[in-house]
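All of the numbers you see were taken from the coordinates with simple rules; none came from a lab. Since we're looking at a predicted model, the values are computed, not measured. Glycine gets a Cβ as well: all are built from the backbone with ideal geometry, and neighbour counts include every protein chain shown.
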Amino acid sequence: MENNDILIRLRYALDIKDKDMVEIFKFGGVEVAKEDVLKILTKPKDSYDDEDYYEDDVPEDEEHIKCTNSMLESFLNGFITFKRGKQEPKPGQSDTPVPSKSRESINNQLLKKVKIALALTSEDMLDIFERAGITVTKGELSAMLRKEGHKNYKQCLDKYARNFLKGLALKYRG
């Protein structure tokens, strides 16, 4: 699943306004204008259904800005700050969250950071998956929330990320 799609679905599910999107990006350390947010939230003119489609092949044009992994991670960090409030930095820590250098799946980061931002429990997350019509066990969820490199770590596939966002929409939008 493309990062722009994740942002579009997350924005819809939680009914985030354009001005709030700009503020969330700012909290994450990325300066974007409202016009840029609108370009990020539009799909490129090219077809996504093309079998030869690769995420890196999508050309940037005047009406579309590709959301990179670091941009999405910064947005998710800013979303935590937006929902939970600014945390006082510890001595030697920067004011804005620094994107990790980990190659961890963006889908795993999505689950972790939305869980933190919305103060969801594991039971809440299992309920969200269930609303979307998918069964996830506590063990599977725990594995997807683990740090990459842990012996029980499991990569969150697009299927789970897509259904999690669908379940969020069902929970928060009715």
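Couplings for the stretch 25-30, taken from phi via the Karplus curve 6.51 cos²θ - 1.76 cosθ + 1.60 with θ = phi - 60°, read 4, 5, 4, x, x, 10 Hz in order; Gly and Pro are left as x.
Taking amide H atoms as placed 1.01 Å from N in the peptide plane, the amide H of residue 156 lies under 5 Å from those of 108, each 5 or more residues away in sequence or on another chain. Spacing of the modelled spin labels on residue 153 and residue 63, each 7 Å from Cα toward Cβ, amounts to 4.0 nm. Evaluating 6.51 cos²θ - 1.76 cosθ + 1.60 at θ = phi - 60° for every residue in the stretch 114-128, the Karplus couplings come out as 5, 4, 5, 4, 8, 6, 8, 8, 4, 4, 4, 5, 4, 5, 5 Hz, glycine and proline recorded as x.
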